[in-house]
C-alpha cells in the first residue's frame, strides 16, 4: 500500500481510537471553552459561530468517515459535487429546522444512526446490498436521508449551547456557513489523498480492507453511542 493509502487507513483507525477515548456525554459535542464563550456572549455572533461550525465539521470523525465512504468510488468532480451537495442540503435542513423549531431527540440515538450511516457506506461500497437483496439502494437518496440525520445530530448539540433566541437565525446561518467551509476543507484533503491512492497499484487490493475498516469504525461508533444511551438511563 502506498503512503497515501496508508494515511487514509490510519486516519480511519485514528477516528475509532478517538471515539473510544472521548466521554460518551461529549461525543460529537461542543468544547467547554467554546460553549462558555458563546453562552457569555448572547446575541448575534457571526464569526464565533462560523468558527464553531468549521471546527465541528473538521473534527467530526463521523462526518468525515461518511464523506470518505461516499466519495470512495467517485472519480469525476461533477459526481463528487452532486453527492456532497445532497449531503449538505440534508444536514443544513435538519440543522436549521431542528434548532429553530426546537425539535428534540436523544443525541445518543441520533449519533448511533449517524454511525450506521458509516456502516451503510462500507457495505454499499463492497456491493453487499446487491449480493443480499439483488439490488442496490438509491445512493443519492441514501446520502440525502443520512444527511438529514447528520444535520439533526448537529442540532442536538446546538440546542444545549443556545441560551438565548436573540440573533438565533443569524447565528445558525453563520454556523452552517462554517460547517460548509469545514466540509470543503476536509473534502479537499480527502480528495487529494484519494487521488494519490487511486493512481497506485495498491488501490485495487485495498478496496476490501479499507471498507471493512470503515464498517468497523461505524460499528464502534454505534456501540459507543448505545452504551452512552444505556448508561444515561441507568444514571
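The values are calculated or read from the model by the stated rules, or taken from the named source; none is laboratory data. Note that the coordinates shown come from a computational prediction; the quantities given were computed from them, not determined experimentally. Glycine also receives a Cβ, built like all others from the backbone with ideal geometry; neighbour counts cover every protein chain displayed.
Could you run through region 38-72 and say how many residues are within 12 Å of the chain's Cα centre (by Cα) and assigned to a loop (DSSP other than H, G, I, E, B)? Qualifying residue count for the region: 2.
A residue that is assigned to a helix (DSSP H, G or I), surrounded by 15 or more Cβ atoms within 10 Å (Cβ to Cβ) and more than 17 Å from the chain's Cα centre (by Cα) occurs somewhere in region 88-97. Out of all the residues in region 140-150, is one or more exposed (fewer than 14 other Cβ atoms within 10 Å of the Cβ), in a helix (DSSP H, G or I), out of contact with any helix residue (DSSP H, G or I) (no Cβ under 7 Å at 6 or more places or on another chain) and modelled with pLDDT of 95 or more? Yes, region 140-150 contains at least one residue that is exposed (fewer than 14 other Cβ atoms within 10 Å of the Cβ), in a helix (DSSP H, G or I), out of contact with any helix residue (DSSP H, G or I) (no Cβ under 7 Å at 6 or more places or on another chain) and modelled with pLDDT of 95 or more. Which condition from (1) assigned to a helix (DSSP H, G or I); (2) over 21 Å from the mean Cα position of the chain (by Cα); (3) surrounded by 15 or more Cβ atoms within 10 Å (Cβ to Cβ) is the one that residue 200 breaks? It is condition (1) that residue 200 fails. Residues in region 73-87 that are in contact (Cβ under 8 Å) with a residue 12 or more places away in the chain, surrounded by 15 or more Cβ atoms within 10 Å (Cβ to Cβ) and not in a helix (DSSP H, G or I): 0 in all.
Only one entry in 214, 158 is surrounded by 16 or more Cβ atoms within 10 Å (Cβ to Cβ), within 26 Å of residue 84 (Cα to Cα) and within 14 Å of the chain's Cα centre (by Cα), namely 214. Only one of the listed residues (213, 172, 231, 226) is assigned to a helix (DSSP H, G or I), out of contact with any strand residue (DSSP E or B) (no Cβ under 9 Å at 6 or more places or on another chain) and closer than 22 Å to residue 55 by Cα. That residue is 172.
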